[in-house]
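Have a look at the structure below before the remarks.
All of the numbers you see were taken from the coordinates with simple rules; none came from a lab. Just so it is clear, the structure is predicted and the values come from calculations on it, not from any experiment. Neighbour counts run over all protein chains shown; Cβ positions are idealised from the backbone, glycine included.
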Number of protein chains: 2
Amino acid sequence: MENSRPLILISNDDGITAPGIAALIDVAKQLGDVIVVAPDKPQSAMGHAITINQPIRITEVDIHAGVKAYQCTGTPVDCVKIAIDKLLPRKPDLMVSGVNHGSNSSINVIYSGTMSAAVEASIDGMKAIGFSLCDYSWNANFEVVKPYIKQIMSSVLANDLPYGTLLNVNLPVPEDGQIKGIKICRQAQAKWKESFDQRKDPFGRDYYWMTGNFVNMDHGQDTDEWALKHDYVSVVPTMFDLTDHQRIAQLNQWGLDEFSV
Amino acid sequence: MENSRPLILISNDDGITAPGIAALIDVAKQLGDVIVVAPDKPQSAMGHAITINQPIRITEVDIHAGVKAYQCTGTPVDCVKIAIDKLLPRKPDLMVSGVNHGSNSSINVIYSGTMSAAVEASIDGMKAIGFSLCDYSWNANFEVVKPYIKQIMSSVLANDLPYGTLLNVNLPVPEDGQIKGIKICRQAQAKWKESFDQRKDPFGRDYYWMTGNFVNMDHGQDTDEWALKHDYVSVVPTMFDLTDHQRIAQLNQWGLDEFSV
């Protein structure tokens, strides 16, 4: 009866050797059959990039015990696309991405390769979740958050999640280690204020490192930033229809429909 | 009184030498003072990627007569970020991206470096528009669409566009050359069906080229795909709050808030 178990596709953006994806595999194995297709190297901040100007390679690897796994030379989105076309035995019941080493809350959803992999799966019609832990270190503690990951994955498998919606889940790292619970949230209005670090190379030419400060402009108590700051797991229903539907009526008053050449 | 003219920041993803950005500069110069910060090479399909693992260089170039222009080694989003931090004399009144060689309608907004540059400007608080012509060729005819670009830029300069909304404008290439007008639209529900082209390298190893077919699943007559197919310019109000607000109430019925470890 192995085929009655859910099929779960896993990817990430930190690369197939990251501890975060190992944690996600551990949890997924308890819930279903797992197939991993993940980048062969870190691909953070790749957003929804795809590889169109060079070929992609995939290699089956045996690094996660008992789990079929492939590393891919492409971006996180490439991994999902090639999994769909070449590697999956059937349509997965769930796709999970992560666990990212570092937050993908608020505006970070836009830059995140982790979330883009999940978005791509969702576009293709899979239920999908991106998981991120608010700790950038390679040796972050994923044990504490595993029960929350399992609960959220189980809920998504058990409930309806209509086409067009996926989940962006961020996991807090409370100072006292005590996570307070799970909250459904909206994406906080926030941005990065750039501050490029300007240096001179040995040949006297300028170069720049991107750095920046996170600015939360949102004082709402229903946001992912609020939840994480107060030691809750944040769950944001996320969509890839970027239309600002409410603005259509306003734009129709600009008279652009009357313009002719 | 030069300072009373609007300041217009321009970028793209096809690179600073692309004919599309030259067309956009031509139009923008009629409306304001222009500063160009664009990639030094093609960066299509980069999505919202940013460069965090290597430094970025910028070089002032004199290729667009009378216009201050910089080429940047980074992604389209990098271009906007470094413009904000290092190159702009003041906050621009408008940021325009493109004109992209090829459509960025419907789901393509997600993969587009052109749109991501505009999204980044919008996140920073600029009015922003991404322009794309439905012709992938390098020698596409941009003359026909210039009046529409000018009208839409003028409208955005003259009207309110609240924080959080930018415009995704796609320009059709009618068979008879006759554009019918401008329509405010929503993003069509569509996707790419992947079809990787599998080959063997001279050493007997497999490699894959990403190809795919565009699938429009949306029969609505209020979509960008419908407008373009019927020879209208499509204008989609686009946002970077990806929250599926309508879904929050539904998710709250899953009982995740009652879960504890």
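Numbers for the structure displayed
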read-out	value
Residue order, fewest to most beta carbons within 10 Å, for B:Glu60, A:Glu225	B:Glu60, A:Glu225
Cα-based convex hull, chain A, per residue volume (Å³, whole number)	210
The range B:169-245 versus the range A:174-193: alpha-carbon centroid distance in Å	34
Dipole moment magnitude, nearest 20 debye, the range B:159-261 about Cα centre, only Lys, Arg, Asp, Glu C-beta charged	280
The range A:178-245 - Rg over Rh from alpha carbon coordinates, Kirkwood radius	1.22
Within 10 Å of each Cβ in A:233-241, the average number of Cβ atoms from other chains	6
Cut-off of 10 Å, at most 14 other beta carbons, DSSP loop: longest stretch of chain A lacking such chymotrypsin sites (Phe, Trp or Tyr not before Pro)	A:1-135
Whole-number D in µm² s⁻¹ for the range B:38-153, Kirkwood Cα-pair radius fed into Stokes-Einstein, 37 °C, 0.692 mPa s	221
Scattering curve values for the protein assembly as shown, log₁₀ I(q)/I(0), Debye with Cα scatterers, q = 0.06, 0.08, 0.11, 0.13 Å⁻¹	-0.27, -0.49, -0.94, -1.29
Sequence-separation-based contact order of the range B:131-261, relative, with Cα cut under 8 Å and 6+ spacing, percent	30
Averaged over A:212-221, number of beta-carbon atoms from partner chains that fall within 10 Å	1
At most 14 other Cβ within 10 Å, DSSP loop - trypsin sites (Lys or Arg not before Pro), the range B:179-261	B:Lys180, B:Arg205
Residue mean of other protein chain beta carbons inside 10 Å, A:119-127	2
Counting all C-alpha pairs of the range B:74-122, share separated by more than 16 Å (%)	39
Leading residue at positive end of dipole, chain B (Cβ point charges), from B:Ser105, B:Met217, B:Asn252	B:Ser105
Kirkwood-Stokes translational diffusion coefficient of the range A:145-261, alpha-carbon pairs, 25 °C, 0.890 mPa s, µm²/s	133
Which listed pairs, of A:Lys68/B:Lys191; A:Lys193/B:Lys81; A:Lys193/B:Lys86, have C-alpha distances above 18 Å, in listed order	A:Lys68/B:Lys191
Distances in nm from A:Glu60 to the matching label points in the other copies, shortest first (labels 7 Å along Cα to Cβ)	5.8
Simple Cβ-charge dipole of the range B:1-113, Lys/Arg +1 and Asp/Glu -1, about Cα centre, in debye nearest 20	200
Convex hull of the range B:212-251 built on C-alpha atoms - directionally averaged projected area, nm²	4.8
DSSP-defined antiparallel bridges as percent of all bridges, the range A:117-261, nearest 5	60
Using a 7 Å Cα-to-Cβ projection, A:Ser154 label spacings across copies, nm, ascending	6.3
DSSP beta bridge pairing in chain B, given as percent antiparallel to the nearest 5	40
